[in-house]
1. Considering each of Q160, Q223 in turn, give the residue that is touching a residue at least 24 places away in the same chain (Cβ under 8 Å) and more than 19 Å from F260 (Cβ to Cβ).
2. Show the residue pairs meeting these rules: Cβ distance below 7 Å; 6+ apart or different chains; first residue within the range 9-33 and assigned by TED's automatic domain parsing to the domain that holds L270; second residue at pLDDT 95 or above and within 16 Å of ligand 1 (Cβ to nearest atom).
3. Within the range 43-62, is there a residue that is charged (D, E, K, R) and within 16 Å of ligand 1 (Cβ to nearest atom)?
4. Can you name every residue in the range 132-143 that is among the β-branched types (V, I, T) and buried (at least 18 other Cβ atoms within 10 Å of the Cβ)?
5. Out of the range 1-31, which residues are away from ligand 2 (no atom under 13 Å from the Cβ), in contact with a strand residue (DSSP E or B) (Cβ under 8 Å, 6 or more places away or on another chain) and part of a loop (DSSP other than H, G, I, E, B)?
6. If you scan the range 227-284, which residues turn out to be under 13 Å from I69 (Cβ atoms) and within 16 Å of ligand 2 (Cβ to nearest atom)?
7. Yes or no: H92 within 30 Å of R218 (Cβ to Cβ) and either more than 15 Å from ligand 2 (Cβ to nearest atom) or not basic (K, R) (or both)?
8. Name the residue that is nearest to the chain's Cα centre (by Cα), counting only residues in the range 194-236 that are of a type in the set (G, A, S) and more than 18 Å from E158 (Cα to Cα).
Amino acid sequence: MRVTQWLCPLCGPSPLDHFSEDAKAPCLRPCLPPDDAANMLRDCKEDTTHVFGAITATRLLGCARKVAIEDTLPVALDPARYMAAHDGTEKHKALASQPQTSYLLGELHGVQRELTVRGELWGLTVQATIDRLGAQGIIEYKTTKGWAKSNEAKVWPEQQVQVSIQSELARQQLGHALRVRLWYKFWSTGQWAYADVEPLSLDEVAAFKPHGGDYTVREIGEQLSAFYHDYESTKAANQTGVPPEPFIRRLPLAGRKMKFGKKSACEMCLVQRECDRLEGVVTL
Ligand code: SF4
Ligand SMILES: [Zn+2]
């Protein structure tokens with residue numbers, strides 16, 4: 001995602017040094033400290049997973065128009081909306097930096113962390129990053145609100161679909177099926193709980209409609225694939241620059257029907273401002 005501005009809750013669109021103490025005109029009521037602001041910008045810049053053309057397990061569970069905007073247009077970053085994703089990225093970086101063999105746990109066979117697997121689903125090339133792969137199988141780490149009443153965790157349907165995609169891609173790449181375990185960290189208390197997940201069939205994954213939206217996982221993948229193909233081939237056939245906006249507008253406003261609790265996906269979307277602009281809705 002190419003971030004060119006901050007979307008400050010107080011000041012609106014602002015330069016990238018807005019939360020820096022060295023800025024010529026720093027924010028008068030900053031909503032985050034300078035180091036966190038700098039880390040967020042670095043995360044966006046260094047993200048090599050969510051880039052143009054990449055159909056990932058996570059992207060198959062959201063709004064394709066959001067992905068198209070993130071991949072092609074400059075974005076004003078709202079710190080509040082990015083916070084949860086940023087925390088997740090930081091945690092995964094910490095995981096990836098751990099030793100690949102865990103002698104203390106007796107796992108002498110070696111462990112791979114932040115492993116990218118690729119394969120084909122319904123004629124689409126899809127990729128996913130697995131948090132931890134050992135001889136016992138896949139482990140994915142999640143965070144959740146509240147506190148644990150026992151060490152058994154509740155798995156959301158979207159998470160079950162996500163790990164089903166991951167395990168299928170891993171099976172294609174490694175040649176055998178793997179056990180899948182989700183470990184949940186509870187924010188409020190620091191407790192852990194886990195759930196072993198039985199992966200869904202590919203047909204079940206294909207037909208699943210994430211967050212109660214209008215489109216299935218397979219349809220979201222096909223929307224993304226068509227967007228990348230049409231935009232790329234038009235660019236290749238033209239000598240002059242081709243703006244991505246007409247291609248983005250072809251994608252449905254799918255986030256409007258997707259729900260996260262009481263909120264719609266649009267209310268949490270990192271690129272809502274850019275999406276609204278394409279629809280002629282002007283926000284300050
Ligand atoms: S604002 Fe809603 S419809 Fe627009 S890109 Fe974001 S999630 Fe999709
Ligand atoms: Zn400000």
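1. Details: Q160 fails: more than 19 Å from F260 (Cβ to Cβ).
Result: Q223 is the single residue among Q160, Q223 that is touching a residue at least 24 places away in the same chain (Cβ under 8 Å) and more than 19 Å from F260 (Cβ to Cβ).
2. Going by the 7 Å Cβ cut-off, the qualifying pairs are P13/L7; P13/A76.
3. Initial filter on the range 43-62 (charged (D, E, K, R)): 43, 45-47, 59.
Narrowing the set further to residues that are within 16 Å of ligand 1 (Cβ to nearest atom) leaves 59.
Yes, some residue in the range 43-62 is charged (D, E, K, R) and within 16 Å of ligand 1 (Cβ to nearest atom).
4. Here is the first cut: in the range 132-143, the residues among the β-branched types (V, I, T) are 138-139, 143.
Hits for the range 132-143 are I138, I139.
5. Those that are away from ligand 2 (no atom under 13 Å from the Cβ), in contact with a strand residue (DSSP E or B) (Cβ under 8 Å, 6 or more places away or on another chain) and part of a loop (DSSP other than H, G, I, E, B): M1, R2.
6. The one that is under 13 Å from I69 (Cβ atoms) and within 16 Å of ligand 2 (Cβ to nearest atom): R273.
7. Numbers: within 30 Å of R218 (Cβ to Cβ): yes; either more than 15 Å from ligand 2 (Cβ to nearest atom) or not basic (K, R) (or both): yes.
So H92 fits the description; yes.
8. Here the residue is S225.
The values are calculated or read from the model by the stated rules, or taken from the named source; none is laboratory data. Predicted model, so just to flag it, every value in this text is computed and none were measured. All Cβ positions, even for glycine, are placed from backbone atoms using ideal geometry, and neighbour counts span all protein chains on display.
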